[in-house]
1. Quick check of the Kirkwood formula: for the stretch 161-309, what is the inverse mean of 1/r over all pairs of different Cα atoms, in Å?
2. Just the number: Rg to Rh for the stretch 287-378, Cα atoms, Kirkwood Rh, two decimals.
3. Convex hull over the Cα atoms of the stretch 339-398, averaged projected area in nm²?
4. Taking H placed 1.01 Å from N in the peptide plane, check which residues at least 5 places from Leu379 or on another chain put their amide H under 5 Å from its amide H.
5. Looking at the stretch 370-466, which trypsin sites (Lys or Arg not before Pro) are in a loop (DSSP not H, G, I, E or B) and have at most 13 other Cβ atoms within 10 Å?
6. Name the residue farthest towards the positive end of the dipole of the stretch 268-427 from the options Met352, Asn419, Ile327, assuming +1 on Cβ of Lys and Arg, -1 on Cβ of Asp and Glu, about the Cα centre.
7. Using alpha carbons only, how many angstrom separate the centre of the stretch 140-211 from the centre of the stretch 302-331?
8. According to the Cα gyration tensor, what semi-axes, each the square root of 5 times an eigenvalue, does the equivalent ellipsoid of the stretch 268-427 have, listed from largest to smallest in whole Å?
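Rule-based calculations on the coordinates, nothing more; no lab input. Model, not experiment: these values are computed from the prediction. Virtual Cβ from ideal backbone geometry, glycine too; neighbours counted across all protein chains shown.
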Amino acid sequence: MSLNPTNTNRCKAIMPTSDRPINPQQSIIVNKINDESTSELEYITNNNENQIRLHIESDTVRDTASDSNNSIERRHLVESNKSNTKTDDINHHNDDQSQVEEIEDEHTMSNMKAVIANGPKDYKLIYDKPMPKIQDGQVLVKVLASGICSSDLKMYEGNEFYWGVDGRARRGVIPGHEFVGSVVDIDPSIARDQSISVGDIVVAEQFIACRDQCWFCKNGMDHKCDKLIIYGQDVDGSMAEYMIYQKGSLVHKVPEDLSPTYAVLAEPVAFSIRAIDRAHLKTTDLIVISGCGTIGLGLVAAIETFYPDISMIVLDYFQFKLDLAKIISKKCTTFNLSDKTVSSIADIVRKMSGEQNGADVFFECAGTSESIKAGFEFLRKCGTFIHIGICKETYIDASWNVISAGKELTIIGCNLGRNAWPRAFEILKKCDLSSMITHRLPLEEYSNALGLISSGIKVVLDPTLPASKLLNESQSLLPIVNNNEKHLKIKDSVAFVTGSSRGIGRAIAIALAREGAKVIIHGTTHDSPSYLNEGTTMTTLAKHISTITNNTEITPVWGDLSTKEGVQSVLNHIKYPIDILICCAGGNIGSSGVNTASGGKPSHDTCLTISDSDTKSILNRNFWTTHLVCQSIVPQMIQNHRGHVIIIGSTSALLGREKGALYTVSKAAVHQYMRCLATQVQSSGIRVNCIAPGPTLTERYKRNIGTDQGVTGRPEHVANAVIQLLNMDFVHGQTIRVDGGEQTFTS
C-alpha cells in the first residue's frame, strides 16, 4: 500500500438519514456504505476540521498487533522557556520529504518493542512483536507518547474491574489507552486532504463503538455501546513502538502548536470536561474536588477556563499537587488532608457556603472509600455527587441513607471523555498544564513508570527514547527550568541550605554563593547567628555573605523544621523553585550535658542512660527535620526533573561508640534515609547523596570541647566537597567521607 495515497476519486456528499440532529460538537464521520452495489462514501462534516471518525462496519474489530523493535532514533527535547515548552519539546516534521523517507525506512521493520500484559502483575517487554499491518479503515502510527494513569496501575495490580469475571482485559494485550502518534500508513479510503495523511500527529479516543447498531449508540450514548472496545484492554494499546488506530476510532489531529508529549494530556482533560458537563454547573456554585491527579487537576483547569466565577475547594494528601492546583487557578482554596481532618475541612466549607450549609457539587476523583464518604459529608442537602474513574475497592462501606432520607443527593457517574476533545485542546492551549507531566521515560522503564504513579501526576512513556538513556537524565516537559544541560549547573541555581546560620552550613552557603548560586540561608530563629557574635541576625548574616562573595542573591529565612507546619512556614518565604537542597540542620547534646532543645540533662549520653526527652530531641533535630524537608521539597524537584539533594551526615554513623550514642544512631538513620530516597527518585533526574564529615573544627566544637585536640577538619573542607559533588553528574546514592582518612587509617 502506498504511503502517500494518490487516489483522487471524489466522494459525493450524502445527507444523513437519521432524524436525530447533528451535535455541533460531533466529529466528522467517514462511513463506507456496506453495499456491494455502490462505492459511494457518506461524509458528514462540521466546523471542526481536526477530527474524523473511522466508521466501523462489523460487529468485531480485527485483532491487530502493535509493534516494536530495537530503539528508534531519538526525538530531541527542546525546552527554551515556559512559553514554548508545549510546542518545542519534540522536533516536528520540518521537512516533509525527509519525514516520509524516515517513515518508509521504519515501516520496513518486521518486529518491534512492546509491553505485553499476560495477567495481573505479569507484564513483560518483548522485542520481537510482529509489526502490525493496516487493514480496511485502519491507521498505523508510530507512538510518540503513551500516558500512564492510575487505571493502568489498577489493571496491572489485578483489579477485578479488569481481570474479574466480567473484566474486559485480554491476556496478551498491549496496555495503554492514552496516546499520541505520527501517521505511518493509512487506508487510502480515509486519507483525504480534509482528514489525515502520513506524517500527521494524531490521537484517538480510547473507545470504539458499533455506531448505530445497538440501542445506546442509536440514542447518543456510544461510549456505553453494547459492543464497546477499549484500547489497551480489548485491543492492543500504546505501550509499544507502533500501534493501530482501529476502524471505528474517533481520531483527532493534534493542533500544530501543541507538542506530542503535551498532547497526551488531552484524554484525561477531556474526561474532566465530561465530568463538568454531567454536573450542569452554575456560576454561583461552590464545588469540592477530591484528588489532585490528572483528572482532578484537569477539572481545576476546565472550571477555571469555562466557569471562572465558580468557587473551588481542592483536597489532596500531597502538597506539591495542591501547589500545582493553585498555579492553575489562583482563586481555588486548597487543603492538605495530611494536616487537617475531613470533619474540620467540612466545617470550613459549611461556613464558606453560608445558609446552604455545604457544597453544591462534589467531584470524587480519588477513587477511595474515604473520599466517597467525605463527599457525603461535604455536600449540602440536594447536592450533586460526581463519581469519576475506578475505585480500588469493589465494595464501599458508607452511610447510604444520606443519599435519600438524609440529604436527597443526586449521584452521577462519569466515564470517558465523550464529546469533549476539542475543548480539551482548547484548555491545553489556554492553560499551561505541562507541569502535570512529572516523568517521561523510555519504553524499557514501563515497570518504573507504573511505580511512579503514586508519587507523580502524569507519567509518560516515550518509545522514541533510547533504552541506553541514563536514568538520572529522564526528560521532562516542565516549564520552570531548562533541561538542555547534561547536569545541574551551580551558577544561577537556587540552593537552600538548612542549618546555615553557623558552622558547616554557613561555610557551604558561602561556597555556593561564590559559585554564583542564589542561596537561601536558614536558622531556627532570626537570632540564631548570635551564637557566634552578639547581635548578629539572619538578616545581617545574609548581608555579610553577600559582601564577602559579591553575590546579591542571598535570602535569609528562619523557623523550626521539626514540624510540617514549621517547614511549610519557612518554604512560604522562598519564592523560587529549589534546585539544590543541602540538609545540614542538626545537633547533639553539648559538653555540659545539656540538650538546649529539650532541656534534658543526662549524666552520660549512652544508649542506657540518655533521657527520653533528649532521645526525641536528637532524633528530631537530625533525622526528622531531614525527612520533613525532603518530603516537602523533593516532590517539586521531581516535577521539574531537576535537582540535587546532599544530606550532611557524620562518620560517627559508620562506627559504634559508647557516648554520643543517639547522635550516632540519628546520623545512621540519615545515611540510610539517603539511600532509600535515592532509590525512589532514581528515574526522576534527581540526585541524592550524603557527605559524612569527621570531627570538624566549628565554633560549636571549639566552644564545647575547648580546643581542637588535633582536629584538622575545617568547615571549608566540607563545603569544598559539596561543590565537587554538585559538579559530579554520575554519582548517586553515595556517602562521601570527609575525614582526612581518619577511619581509613584508624588501627
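1. 17.4 Å
2. With Rg and the Kirkwood Rh in hand, the quotient comes to 0.92.
3. Averaged projected area of the stretch 339-398's Cα convex hull equals 4.3 nm².
4. Ala359
5. Sparse-neighbourhood loop trypsin sites (Lys or Arg not before Pro): none present.
6. So the residue we want is Asn419.
7. Computed from Cα coordinates, the inter-centre distance equals 29 Å.
8. So the equivalent ellipsoid measures 22, 18, 16 Å along its semi-axes.
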